[in-house]
Amino acid sequence: MSAHGDPIPMTSRKAAPLKGVAHVPGDKSISHRSLIFGAMTVGETHITGLLEGQDVLDTAKAMRAFGAEVTQHGAGEWTVSGVGVGGFAEPEDVIDCGNSGTGVRLIMGCMATSPITATFTGDASLRSRPMGRITDPLALFGAQSYGRQGGRLPLTIVGAADPVPVRYASPVPSAQVKSAVLLAGLNAPGETVVIEKEATRDHSERMLAGFGAEISTDLTDEGRVITLKGQPELSPQSIVVPRDPSSAAFPVCAALIVEGSDVLVPNIGLNPTRAGLFTTLREMGADLTYENERVEGGEPVADLRARFSPDMKGIEVPPERAPSMIDEYPILSVVACYAEGKTVMKGVKELRVKESDRIDAMARGLEACGATIEEDEDTFIVHGMGPGGLPGGGTAEARLDHRIAMSFMCAGMGSQKPVSVDDAGPIVTSFPIFEPLMRELGAQLVRRNV
Ligand code: S3P
């Protein structure tokens, strides 16, 4: 089943060389945060380049339900009139976050230290994902939660009327957990501290500082210690959302595996907490260059140029790099099929609790297309077949997971026989223009009748 309607089976056939310029949409992580942080200010935040994917639209709807005024003015141009820190109203109905783990987890954080009650749900994928990693630290602030077994959605949070600040060492490398704790800490008195052993994406820290919060990060023996002073008044901002490196990954990787390709993907943020895939591809010998390198809004940005790369070699991806490319392992596993030798991905067990179990979804789909895979709970190994790559001819299950669907559609652009996916519907959650953008470059994507 598709995330939001009937399934859309799709087939990808060997593409002519992919050529041209691919303008990918706005960053999903920053888009969610722009709406949520904007809702916590007093005044009007102006956003351009917002990703209008279903995940972000669901967050916009949720912010309205908590009392913010969220308005679309044109393509990617939005304003949010916030209610201030601690100003959230109690929603009248259940909050449906659709497919979005980021949306639901960050929103739970920001309502948990207000004296209101909210019930959250989502699609079948989101309802199967663990929420204890969020409700455990929120309980320390004084919030109560009542979910299904294993803390699964639907889940009700009764916000703390008199929240206390928290010092929390996150047991999982997760920017969503870190962000939920920081957002809860905004409406608690005193200092809230989050400690993470491995650096995860730092958009919340950077953006909260931009919105006027007092927040600092110290590197210590314990890890990164992030300290936030509670109960600030956040001031509205003007935000230009950068383009999403996780979406850029798809045209970049497709170009590497399709003979004769040369694709430019402009204006991609290369924040080190997000750019692990590009480092990995370059280590594998991919012809991937950074052009026009510059700094924009305090973040490193470049135009990425990817060309067909017949000489890639499998490598061992260091486990400590995982948080900086956590969403990119599915498409890396496709590229790995086209490299010579084994690509070994260790320290990747978080992939098992994403929109789907991404190790299992990729392993089964790639095997159906003729690849040899090894896996254990925390490891994913792809046996490369060189530039001849994947035989193809199989159908993969998307499992309500946008990145699985897009990865298999890219796989089919280079494989000998076509590759199909049972449902490309979930792609709208993060990359609504994937199909026309890839077709424009030369991809042959065909929707099939069910
Ligand atoms: C995100 C964090 C990551 C990532 C997700 C977006 C964010 O999840 O997989 O797509 O915006 O904070 P985890 O923090 O759970 O690893």
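What the table below lists for this structure:
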| item | result |
| --- | --- |
| Residue tally, condition away from the ligand (no atom under 16 Å from the Cβ), closer than 28 Å to Val172 by Cα and of a type in the set (A, V, I, L, M, F, W, C), over the stretch 318-340 | 3 |
| Matching entry among Ala180, Ala249, Ala213, Ala188 (being touching a residue at least 12 places away in the same chain (Cβ under 8 Å), within 16 Å of the ligand (Cβ to nearest atom) and farther than 30 Å from Leu18 by Cβ) | Ala180 |
| Residue check for Thr343: closer than 21 Å to Gln416 by Cβ and more than 16 Å from the ligand (Cβ to nearest atom) | yes |
| Any hit, the stretch 81-96, residues being touching a residue at least 24 places away in the same chain (Cβ under 8 Å), within 17 Å of Gly53 (Cα to Cα) and crowded, with 24+ Cβ neighbours inside 10 Å | no |
| Tally of residues being farther than 17 Å from Val241 by Cα and either within 14 Å of the chain's Cα centre (by Cα) or without any contact (Cβ under 8 Å) to a residue 12 or more places away in the chain (or both) across the stretch 266-282 | 3 |
| Some residue of the stretch 317-326 being surrounded by 21 or more Cβ atoms within 10 Å (Cβ to Cβ), in a loop (DSSP other than H, G, I, E, B) and modelled with pLDDT of 95 or more | yes |
| Filter result (away from the ligand (no atom under 16 Å from the Cβ), surrounded by fewer than 19 Cβ atoms within 10 Å (Cβ to Cβ) and in a helix (DSSP H, G or I)) within the stretch 347-395 | Asp360, Arg364, Glu367, Ala368, Gly386, Pro387, Gly388 |
| Failed item in (1) assigned to a strand (DSSP E or B); (2) closer than 24 Å to Arg352 by Cβ, with Ser420 passing the rest | (2) |
| Selected residue (criterion: nearest to the ligand (Cβ to nearest atom)) from residues of the stretch 84-133 that are within 20 Å of Val56 (Cα to Cα) and β-branched (Val, Ile, Thr) | Thr102 |
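Let's see how each residue does on (1) crowded, with 19+ Cβ neighbours inside 10 Å; (2) within 20 Å of Pro272 (Cβ to Cβ); (3) touching a Cys at 6+ places or on another chain (Cβ under 6 Å):
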site	(1), (2), (3)
Gln149	no, no, no
Val164	no, no, no
Arg167	no, no, no
Ala184	yes, no, no
Asp202	yes, yes, no
Glu222	no, no, no
Val225	no, yes, no
Lys229	no, no, no
Leu234	yes, no, no
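The values are calculated or read from the model by the stated rules, or taken from the named source; none is laboratory data. These figures come from a predicted structure and were not determined experimentally. For neighbour counting, all protein chains shown are included, and Cβ atoms are generated from backbone atoms with ideal geometry for every residue, glycine included.
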